[in-house]
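Single-structure report; data block below.
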Amino acid sequence: MPSSRRLLLISTPVGPLGSGLGGGVELTLLNLSQGLRARGHQITVAAPSGSSLADVTVVEVSGQLQPTAHTQGRNTPVILPSDSVLGNLWRYAQQHQDQFDLIVNLAYDWLPFYLTEFFGTPVAHFVTMGSLSEAMDEAIRQVARQFPKRLGAYTRTQAETFGVANAFEILSSAIDLEQYNFCASPGDALAWLGRISPEKGLEDALEAAAIAQVPLKILGKLEDASYWQQLCDRFPQANHCYLGFLPTPELQAVLRQCRALVMTPRWVEAFGNVAIEALACGVPVIAYARGGPAEIVQQGKTGWLVEPDDVQGLVGAIARIDQCDRHACRRQAETDYSLEALAIRFEQWFETIIQN
Ligand code: HBI
């Protein structure tokens, strides 16, 4: 067991932890904190005021929230509101850096990357999305040049979007497997999980389920109401397929009964946590071979990868889903996506930074 490290994890400035505004980062921070503490490390999380994170020590920092990056264009200039919580978070880090062996940034924002060279305590960056803007790409490539070991990402595909994949440590993701119960004998329905928003491609799953004449259960946050209305107009059955945004216990109770999870991302999904949630329940994954899911699904064993945007390909995979092995799905989750597996990957990454 390596020595206990004092780690400062700095959260996303788009919203307090617990608000859901931080999306996948909230789950990553919680899982990382729990996994690393179980291995004896001291974890402090700095996040916007109003944050809470289970029983983890959170330093709450005030200030104006940062506009989200994933709805802006490639040439958006760097934005910093007055009294920005992002600036205040990094002032806190600068003032307290001597209390930590390593500072880990989880914000997808320009400032922390730019500040890397000005810190005495090493700053590492876990990048949580693919390439979205020129300004961010430039800041990430600058860190890749100066500190090639300081960048982490969920998947290789995601890292490749920045053009400096070799400078990234690939860390994948994890879930708390104890919250997911294996199911060997599902019903007929397929599942679709995710934010209901155009980049998630729900229309393809609805079309494939209609052609295959199997029910589809839709779960997730209804983020784009006009998009949802278009789907309901085009697929009259959509409305009664929608089961809402459920907390994990209720979500997995529905998911585990499904024959497969269908993932239809239109964008490069950095990871796709819903894929490992399905595997943890023994549910195979049918996914477009795009982004994170392409690095998770074991073809023909724990699911099927399909030519992106090919609805007929989804239909063909649905017909072959029983060739997959539900026990192998659960085993893959236990081997690669447990909290302990994640913590060990991050711990090894941190040691390469602290020791060099
Ligand atoms: N936008 N500006 C900004 N900063 C973030 O850290 C950020 C974001 N949008 C989305 C987001 N983080 C997370 O939901 C994803 O990283 C998962």
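The values are calculated or read from the model by the stated rules, or taken from the named source; none is laboratory data. Bear in mind that the values here come from a model prediction, so they are computed numbers and not experimental data. When we count neighbours, we look across all protein chains shown, and the Cβ atoms used for this are built from the backbone with ideal geometry, even at glycine. With ligands, DNA and RNA removed, areas are computed over all heavy atoms of the protein, side chains included. Shrake-Rupley method; radii C 1.70, N 1.55, O 1.52, S 1.80 Å.
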Expressed as a fraction of 2.2 N^0.38 Å, the rule-of-thumb size for a compact globular protein of N residues, what is the C-alpha radius of gyration of the chain?
0.99
Work out from phi, with θ = phi - 60° and the Karplus expression 6.51 cos²θ - 1.76 cosθ + 1.60, the ³J(HN,Hα) of each residue of the stretch 37-42, listed in order in whole Hz, and give x for Gly and Pro.
5, 5, 9, x, 8, 9
Testing the spin-label approximation: label points 7 Å from Cα along Cα→Cβ at H327 and D188. State their distance in nm.
2.8 nm
Roughly to the nearest percent, how much of the accessible area of the chain is carbon and sulfur, given a 1.4 Å probe?
50 percent
Descending packing, highest mean Cβ count within 10 Å first, for 253-259, 153-159 is 153-159, 253-259
What does the accessible area per residue of the chain come to in Å², with a 1.4 Å probe and no ligands, DNA or RNA counted?
40 Å²
Quick check for me: using +1 on Lys/Arg Cβ and -1 on Asp/Glu Cβ, what's the dipole size of the chain about its Cα centre, in debye to the nearest 20?
400 debye
Tally of Lys pairs whose C-alpha atoms are under 29 Å apart, taken over the chain, 8 or more apart or cross-chain
4
Once the Cα atoms of helix 134-146 and of the chain are each reduced to a long axis, what angle between those two axes, in degrees from 0 to 90 to the nearest 10, is obtained?
60 degrees
Please work out the ratio of the alpha-carbon Rg of the stretch 177-336 to 2.2 N^0.38 Å and round it to two decimals.
0.93
Amide hydrogen neighbours beyond the local backbone of A260, cut-off 5 Å, H modeled
A191
Over the chain, with a Gaussian network built from C-alpha contacts below 10 Å, which listed residue (Q252, Q213, Q42) shows the highest mean-square fluctuation?
Q213
Determine the distance separating the Cα centre of the stretch 127-143 from the Cα centre of the stretch 328-344; give it in Å without decimals.
29 Å
Using only the alpha-carbon atoms, how far is helix 225-234 inclined from the longest principal axis of the chain? Give it as 0 to 90 degrees, nearest 10.
20 degrees
Length gained, T335-E223, 0.36 nm per residue minus C-alpha separation, equals 37.0 nm
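Tell me, in nm to one decimal, what length is gained between D309 and D176 on full extension, where the rule is 0.36 nm per residue of separation less the Cα-Cα distance?
44.8 nm
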Once every DSSP H run of n ≥ 4 in the chain is given -39500 (n - 2.57) and the sum is divided by its residues, what mean residue ellipticity at 222 nm do you get, rounded to the nearest 500 deg cm²/dmol?
-11000 deg cm²/dmol
If you average the alpha carbon positions of the stretch 232-311 and of the stretch 72-86, how far apart do those two centres end up, in angstrom?
33 Å
